[in-house]
């Protein structure tokens, strides 16, 4: 008798019922150690089209239990460019530090140093989570900052809002669609914020 090699495409958490006709039927399952790391590192992308959205914003009905990014191709100066926006606030570090003062003026060097310390505290307290290694952007988790030890909570919130990049709007926050809609296509990807 010669051994037979079988190649199967299967759900890693599923079962295979092997029936040979010689020995009793056997239920086989992969050991989770074989696939756990690979499955945890998969980054799925979901092509989404056509999608009707207001001309001045992006509104996508998304499950609330996950954070998402939306990427789409845009033409700029005759070249294709990928634009990415997120379902949660993304804060730009340099814009946060350069945020104008309450009086509307340029921040002094002392204020910039204070904001740099605030940025480090926001990261340490996990209010901000860096978007990747070596990036100057971070995801913002909307939490109560009053108990985090900031000298001026209102200023920190104002600077976070001022340094936030565009985000995906939930459908309930957008006025009913009228004739100023656009059709878009792009890729949705769940974000891993570990």
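Read-outs throughout are calculated quantities, based only on the coordinates presented, and are distinct from any laboratory measurement. As the structure is a computational prediction, the values presented were derived from the model and not from experiment. Counting neighbours? That spans all protein chains shown, and the Cβs are built from the backbone with ideal geometry, glycine included.
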> Hey, what does the equivalent ellipsoid look like for segment 65-139, semi-axes from the Cα gyration tensor as sqrt of 5 times each eigenvalue, largest first, whole Å?
Replying inline: 28, 18, 11
> Fewest to most neighbouring Cβ within 10 Å: what's the order for 182, 189?
Replying inline: 182, 189
> Which angle between 0 and 90 degrees, to the nearest 10, do you get for helix 153-162 versus the longest principal axis of the chain when only C-alpha atoms count?
Replying inline: 70
>> Among 22, 60, 39, which one shows the highest mean-square fluctuation when the chain is modelled as a Gaussian network with alpha-carbon springs under 10 Å?
In response: 22
> Looking only at 86, 15, 35, which one moves most when the chain is put into a Gaussian network model with springs between Cα atoms under 10 Å?
Replying inline: 15
> Once both labels are modelled 7 Å past Cα along the beta-carbon direction, what's the residue 100-residue 33 spacing in nm?
Replying inline: 6.1
> Any idea how far the Cα center of segment 1-43 sits from the one of segment 119-169, in Å?
Replying inline: 45
> Order of 158, 80 from fewest to most other C-beta atoms within 10 Å?
Replying inline: 80, 158
> Could you work out the helix-only [θ] at 222 nm for the chain, with each DSSP H run of four or more residues adding -39,500 (n - 2.57) and the total divided by the number of residues, to the nearest 500 deg cm²/dmol?
Replying inline: -6000 deg cm²/dmol
> Most exposed first by the Cβ proxy, i.e. fewest other Cβ within 10 Å, how do 101, 19, 5 rank?
Replying inline: 5, 19, 101
> Hey, how much of the P(r) for segment 10-110 falls beyond 22 Å, as a percent of Cα pairs?
Replying inline: 65
> Out of the DSSP beta bridges found with both residues in the chain, what percent are antiparallel (nearest 5)?
Replying inline: 95
> Taking Cα atoms, how many degrees apart are the long axis of helix 109-124 and the longest axis of the chain, rounded to 10 and kept between 0 and 90?
Replying inline: 20
>> At 7 Å along Cα-to-Cβ for each site, give me the label-to-label distance between residue 182 and residue 158 in nm.
In response: 3.2
